[in-house]
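Report on one structure; see the data block that follows.
The values are calculated or read from the model by the stated rules, or taken from the named source; none is laboratory data. Remember, it's a predicted structure, so these values are computed and weren't measured experimentally. Reconstructed Cβ throughout: ideal geometry from the backbone, glycine too, with neighbour counts over all protein chains shown. Remember, those area values only see protein heavy atoms, side chains included, never the ligands or the DNA or RNA. Shrake-Rupley method; radii C 1.70, N 1.55, O 1.52, S 1.80 Å.
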Amino acid sequence: MSPWILPLVLQIMAMVTVVAEIFIPSMGLLSIIALSLIGYSLFLVFTTFSMSVFYVVIGVDLIVLPVLFILGFKALEVSPLSLKKKLSASQGVVSQSPNLKNYLNCTGHSLSTLRPSGTALIDGVRLDVVTDGEFIEADTPLRVCKVTGNQVIVCRLENF
């Protein structure tokens, strides 16, 4: 058997393992196996062949591995393992509660200390609220100043 067959087979197995790591969630186990295969094949090349062959194999690894990662991730984005569907409001997906806008300019009081986030009772409804960075004690009268996204931003009632 030729001395170059085992290092070549180990390199090919390492490349296949790297691609498998992209598609199979192994928490790094396949990466460790791939690094071990590459390391052992490099050790075999280092002990069997000249230094110039060793440098060529390292150079090939440094070129092929990033290309494999890029191609693997490109293949992952078109594979059935990835989510291809865009979620939209027409399908009923809403990132913001539609009734939060109704609380704009409503009053209430803080149930917890707001530093800057906490809980408040606004128009009889318990809500998670934030301030504009202001520290507000519990049981302080509040007014809803702004609603952005899922954030209800409150101010002291006397500061509004």
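Within the range 96-112, identify whether any single residue is assigned to a loop (DSSP other than H, G, I, E, B), closer than 14 Å to Thr140 by Cα, touching a Ser or Thr at 6+ places or on another chain (Cβ under 8 Å) and at pLDDT 85 or above, and answer yes or no.
Yes, the range 96-112 contains at least one residue that is assigned to a loop (DSSP other than H, G, I, E, B), closer than 14 Å to Thr140 by Cα, touching a Ser or Thr at 6+ places or on another chain (Cβ under 8 Å) and at pLDDT 85 or above.
Go through the range 122-139 and give me each residue that's closer than 14 Å to Arg156 by Cα and within 34 Å of the chain's Cα centre (by Cα).
Taking the range 122-139 as the starting set, the residues that turn out to be closer than 14 Å to Arg156 by Cα are 122, 129-139.
Those that are closer than 14 Å to Arg156 by Cα and within 34 Å of the chain's Cα centre (by Cα): Val129, Val130, Thr131, Asp132, Gly133, Glu134, Phe135, Ile136.
Could you grab me the full set of residues in the range 120-158 that are hydroxyl-bearing (Ser, Thr, Tyr) and exposed (fewer than 13 other Cβ atoms within 10 Å of the Cβ)? Walk me through it before giving the result.
Looking only at the range 120-158, we keep the residues that are hydroxyl-bearing (Ser, Thr, Tyr), and these are 131, 140, 148.
Within the range 120-158, just Thr148 meets the criteria.
Testing Leu37 on (1) within 30 Å of Val130 (Cα to Cα); (2) at pLDDT 95 or above; (3) of a type outside the set (Lys, Arg), one condition comes back false. Which one is that?
Of (1) within 30 Å of Val130 (Cα to Cα); (2) at pLDDT 95 or above; (3) of a type outside the set (Lys, Arg), only one is false for Leu37: (1).
What are the residue pairs meeting all of these: first residue in the range 92-107, first residue under 17 Å from Thr119 (Cα atoms) and of a type outside the set (A, V, I, L, M, F, W, C), second residue open to solvent by 60 Å² or more (accessible area, probe 1.4 Å) and at pLDDT 85 or above, Cβ atoms under 6 Å, and 6 or more apart or on different chains?
Listed pairs, sorted by first residue: Thr107/Arg143.
Among the residues of the range 54-74, what is the count of those that are farther than 19 Å from Ser31 by Cβ and surrounded by 14 or more Cβ atoms within 10 Å (Cβ to Cβ)?
2
Anything in the range 22-32 that is open to solvent by 40 Å² or more (accessible area, probe 1.4 Å), without any contact (Cβ under 8 Å) to a residue 40 or more places away in the chain and not small (Gly, Ala, Ser)? List them, or say none. Reasoning before the result, please.
Filtering the range 22-32 down to residues open to solvent by 40 Å² or more (accessible area, probe 1.4 Å) leaves 23-25, 27, 29, 31-32.
In the following step, the residues that additionally are without any contact (Cβ under 8 Å) to a residue 40 or more places away in the chain were identified as 24-25, 27, 29, 31-32.
If the condition is that a residue be open to solvent by 40 Å² or more (accessible area, probe 1.4 Å), without any contact (Cβ under 8 Å) to a residue 40 or more places away in the chain and not small (Gly, Ala, Ser), then Ile24, Pro25, Met27, Leu29, Ile32 are the ones that fit.
Taking the conditions exactly as written (in a loop (DSSP other than H, G, I, E, B), among the charged types (D, E, K, R) and without any contact (Cβ under 8 Å) to a residue 40 or more places away in the chain), does Lys84 satisfy them or not? Please lay out each step first, then the result.
Values: in a loop (DSSP other than H, G, I, E, B): yes; among the charged types (D, E, K, R): yes; without any contact (Cβ under 8 Å) to a residue 40 or more places away in the chain: yes.
Considered against the rule, which asks whether it is in a loop (DSSP other than H, G, I, E, B), among the charged types (D, E, K, R) and without any contact (Cβ under 8 Å) to a residue 40 or more places away in the chain, Lys84 comes out as yes.
Of all residues in the range 46-64, which are within 18 Å of Leu35 (Cβ to Cβ) and aromatic (Phe, Trp, Tyr)?
Filtering the range 46-64 for residues within 18 Å of Leu35 (Cβ to Cβ) gives 46, 54, 57-64.
Phe46, Phe54 - these are the residues of the range 46-64 that are within 18 Å of Leu35 (Cβ to Cβ) and aromatic (Phe, Trp, Tyr).
Farther than 30 Å from Pro80 by Cα, at pLDDT 95 or above and either open to solvent by less than 70 Å² (accessible area, probe 1.4 Å) or of a type in the set (A, V, I, L, M, F, W, C) (or both): is that true of Ser2 in this structure?
On the way: farther than 30 Å from Pro80 by Cα: yes; at pLDDT 95 or above: no; either open to solvent by less than 70 Å² (accessible area, probe 1.4 Å) or of a type in the set (A, V, I, L, M, F, W, C) (or both): yes.
Criteria not met by Ser2.
Take the residues in the range 33-52 that are exposed (fewer than 14 other Cβ atoms within 10 Å of the Cβ) and of a type in the set (A, V, I, L, M, F, W, C), then tell me which one is nearest to the chain's Cα centre (by Cα). Steps first, please.
Kept after step one, since they are exposed (fewer than 14 other Cβ atoms within 10 Å of the Cβ), are these residues of the range 33-52: 36, 39, 43, 47-48, 50-52.
Add one more test, that the residue is of a type in the set (A, V, I, L, M, F, W, C), and what stays is 43, 51.
On the way: Phe43: 35, Met51: 41 Å.
Step by step, filter the range 33-52, then rank; the result is Phe43.
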